Structure formats: structure tokens, C-alpha cells
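No value in this document is a laboratory result; all are computed from the given coordinates. All values derive from a computational prediction rather than experimental measurement. Positions of Cβ are generated from backbone atoms using ideal geometry, with glycine treated the same way; all protein chains shown enter the neighbour counts.
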Ligand SMILES: Nc1ncnc2c1ncn2[C@@H]1O[C@H](COP(=O)(O)OP(=O)(O)OP(=O)(O)O)[C@@H](O)[C@H]1O
Ligand SMILES: [Mg+2]
């Protein structure tokens, strides 16, 4: 039995009459490599918003390592070890790549409230940021302003900011979305090299990526859980093929 | 421990810090030679133009006011059109204390002005900073209008529309008189206060807190997602910014020896915004350049075209808005890059 890092119980979220996420019971194991797939509008991003606390749940609970975090804010959940990336970049566009990562690390190590010494004196933060950029092969872009980078590189910064938080649970919302397929392998390589102990939930549309990376796959359709299993089981599941894989191969 | 057995590598085990990007960040807060220029100019002005010290004092007060706005608007991205609320709060604090003979010592009066403005900044910030964009803009405007109306209605204490004239300010350190005819004391005193406030603001914007403010300006949603208490940071920033604006207002009251409703006017709030945009926001020295350019223009254009000087100012603003989004200072940086750095490189 592996330990459960993140769990949801009958988690639900509606927008007016639209039920975007309905009664989801879900478990993410320690060190998981778990993919969440489903057609457009299935509620995947909404589900991640509920896990990270970006949106409050309409009903149901979210548990982190057995502790109820449903009423905690997003910032509080970050401190407890949940980090995420965004489907559409949310970066500090006017700042350098290094600063983007420093902001996140400064927040984690508790430097950010300090007013009376310069950022430059926190060489521990800067050094850690440079190291992280090195690992993600972004070091050569460290001095560049994010808005000047090609989109693929920006996607890596998106991941770097989340990793800088040293999360136990990492939620990746289509990390390679919008990146030309010739470059997307750089991002996927980076994700594959992430520390093993991090429990990763990744939303991804590319089935090759899902089958290469994930040890477990959950399929969401119309806001509800549709199927869950190993990549082989999901691939062999005729209903999944019908609603999802068929669509994907058509596109 | 057997440190002898294993020879450790030299402690350059942080090659990351040697890289250009890391160096930029580590050196960013260091003083540059040109940062001495405004202060040297201010001292030189004292000796060269002793007859213009009244005008120069007003300039220094405006710079301080614009700096306070830069902290909120330029660094934290708080869109406000009501910053004169804090200027006025500071001015009326000094004015009321002096006019009613309660307290006239200048430096402690300024501290009280800062405190009063900070309290208003905090109280309004708690409510307003839940909102963003146009809503925030309107609410800051309303706060200021409310304060102005309150000052107008509390006629018995504030003098209403007429304000509080001929304030009696005690001599500085019990010795240097605030003489309305010779502005020596006012000028040097204002310069010293500006310097102290500037050092404080400069320290703040280069600190990790200041960096988190720029993070909030660039992307508040992402700041939430990295675990920052965004609203708390904004309230702290707004309170500090308000306090500094309060000091500027207090100085204005002390150096003019009067207070009136213009301290809380939309005109004042708009002017300081224009000054900051003209000079360049989010870059500290934009406040200096903007205030100097604006007041100099006002001074000279008003002399040449007494009726139409605002037209010239309007034209300048249009040019800045179209061709120099980062203000005069940003324009200067671009030109400097183009003609000196690039030439040096080739
Ligand atoms: N803030 C919101 N307000 C109203 N409706 C929303 C909101 N966010 C999402 N929805 C709706 O909820 C449904 C699920 O959206 P969601 O973004 O979670 O889907 P998704 O699975 O991530 O899709 P995609 O693959 O396109 O990213 C959609 O119908 C969407 O229009
Ligand atoms: Mg989505």
C-alpha cells in the first residue's frame, strides 16, 4: 500500500447551472505519475483549481496527507506542499527568468516579507534559483525578460516557478500546451527528471506523452470520473476509446 | 569529522552566483555614481539660486509625493487616483495641530502626519484593495472626495473652504525659524526629510518585500499560486505609501504655513499622477525627473503663455504617451543605450 498524498471526497463545483466537477472521489499516491485526461470542457482545469484552492468547492472535501484542507486558501495550501502550473502562462512577464524563480523561492523560504535588506543579499535564494534553472536547462535564459522568450521556454519557466516551491504534490495543467511538437519534448524531458518523491498529476492531451510518462490514468468526461487504471487498461477500455481516444485520433 | 581525508573542492561550489543574471540581481541595489546627481544638484541650487528656494521647496515636496505614489502605483500596481487623500490627511494633521496651538514642533508633527495618513491608508486599503482596475480607481477617488467633503464640513476646526491660514510652526530644533520670506530653513529641512524618505523607499523596493510587490504588479494570480498573502502585502504597501504621502502633505503645510482644501483636491491627485507618468513610474527617479520637468514647464510656460501653458503641457504628455511609455527617464535610458552603450560595444 502506498501512502495517499492527496485525496478528494465527493468534490463538486458548479458555475450557476453548469456542474463542471461532480462528486469526484480521487486519490493521488506519494510519488505518483498520474495523468488526467478527458475531452475539452471535461472539467480537468476546474478540478485542479479545486485541488489548489484557486476556486472554492461547492461541496465535498479535499485532503492533503489525511488533513482536511478544503477551507484553506490557495496560499495556505502552497505552504502545505501543493504547487501547480497553469494551462495558459501566468508569469511575471516584465521580470527576468531568474527573478521569476527567485520570487517563488523567496516566498517558500520566508524571505519575502523582509523589507530592510536587498534581494541581492539573499545569495542562498539566488543560488538555488540558478541551480534550478540549470536543472531545467534554462540557465542560458536566466537574464532574459520572460516576455522576450519563445513560448516553449516560457512554459519551462511556468514549471520552474512551481518547482521552486519544493512541492510534495505538483499539479501540471497541460504543460506542453501551445508548444510546437518539435519543442515539446524539452518540456516533457524536464518533467521526467523531476524528483521521484513528488506526487505529480498531469493534464495532457497527447496520448503518447500520457502513455510514456504516467503509471496511472484517470479519465474525466462531463465533469465526472469516467474510468481509472493503468495506461494499458485505459488504452484497452472500449468505452474510453469510444468517448475519448476516438476523438483524439480524429483530431 | 575527517576533513583531512577528503580534500574538499574550493568553496566556489556556487558557480550559479558567477553567472551574469545572478550578478545583475546581486548588484542591483548598489548605488550608482549618477544617483548622487539629484542631491548634488539640490545642494548646488541652494547656493546658486537663493532667491528661488521657495519654488525649489515646492519641487522637493512634489518629488516626495510622487515617490509615495510610485511605491503604490509603479511598484505594486495599485491603480489610484486618490493619492491626495493621504497628502491632505498629513497636511491637515499638521495644520490642525498648529492652528489650534496643540503641537507645533515640526519633526514630531510630521511623524503624526505620517501616522494619520497611515491610519487612513490602512483603513481604506482593507476595504479598497479587494478590488482592482477601474473599480479601485473609482473607490480611491471616492475616498479622497469624502475626506475633502469632511474637511469642508468640519468648518469650525478646519476653516472649511478658507482653510487654516498663518500656521505658527515652531523653530526647527528650537532654533531655525521658518521664515516665509527666506526659505533657507524650509528648503534644507525638506531636502533632509526627502533624503531620509528616499533612502527608506529605495531600501524597500530593492528588498524581497519590494520584489514581491513587483510580482503582484506583474501577475497577482500567480503570486497567490506561489503562496504569497497578496492582499496583506498590498495593504502594507498602501499604508506605507500613504504615510509617505502624509509626510509630503505635512511638509507642504509647514513650508507654506497654511492648509486649505486644495490639499485634498482631485487636481492634486491628477497632477502627481501626470508627474509620475511623465517621469516614468516604477523606477524611483521618475518622480524626480517628472516633478522637475512638470514644475519647470509650468513655471516657464506660464510666464511665456500665461493663458495657454497647459496646452504645452498637454502636448508634451501626448508625446510621452505615444513615444515614451516609460516616461522621460525611460526615453533617456533608450537613448543612452543607443548612443553610448552600443557605440562602446562596437
Ligand atoms: N470560471 C468559470 N465560470 C463559468 N464556467 C466555467 C468557469 N471555468 C470553467 N467553466 C466551465 O466549466 C467547464 C469545464 O471547464 P474546464 O476548463 O475545467 O475544462 P477542461 O477539461 O480543462 O478543458 P480543456 O481541455 O479545454 O482545458 C467548461 O464548460 C467551462 O466553460
Ligand atoms: Mg483545461
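Per residue, the average separation of C-alpha pairs within less than 8 Å and at least 6 apart gives chain A a relative contact order of 27 percent. In whole angstrom, note down how far apart the Cα centers of region B:138-203 and region A:1-36 are. Cα centroid of region B:138-203 versus Cα centroid of region A:1-36: 58 Å apart. Each label was represented as a point 7 Å from its Cα along the Cα-to-Cβ direction; for residue A:183 and residue A:59 these points are 4.4 nm apart. Residue order for A:61, A:93, A:122, B:338, fewest other beta carbons within 10 angstrom first, comes to B:338, A:61, A:93, A:122. Where a ≥ b ≥ c are the square roots of the eigenvalues of the C-alpha gyration tensor, would you call chain B rounded, which needs a/c under 1.5, or, failing that, prolate if a/b is larger than b/c, or oblate? Because a/c hits 1.5 or more and a/b exceeds b/c, chain B counts as prolate.
How far is helix B:133-153 tilted off the main Cα axis of chain B, in degrees rounded to 10, range 0 to 90? With rounding to tens, the tilt is 30 degrees.
Based on DSSP H segments of at least four residues, each scored -39500 (n - 2.57), the protein assembly as shown has a per-residue ellipticity at 222 nm of -16500 deg cm²/dmol.
When both region A:105-149 and region B:208-236 are represented by their alpha-carbon centers, they are found 15 Å apart. Taking a ≥ b ≥ c as the square roots of the Cα gyration tensor eigenvalues, region B:141-239 comes out oblate, since a/c reaches at least 1.5 and a/b does not exceed b/c. Estimated at 0.36 nm per residue, the fully extended path between residue B:162 and residue B:179 surpasses their Cα-Cα distance by 3.9 nm.
Legend: calculated FRET efficiency, residue B:150 to residue B:232, from the Cβ-Cβ distance at R0 = 25 Å, rounded to 0.05, equals 0.35. Length gained on full extension, residue B:338 to residue B:33, computed as 0.36 nm times the residue gap minus the Cα-Cα distance: 107.8 nm. For the protein assembly as shown, a/c is not less than 1.5, where a ≥ b ≥ c are the root eigenvalues of the C-alpha gyration tensor, and a/b tops b/c. That puts it in the prolate class.
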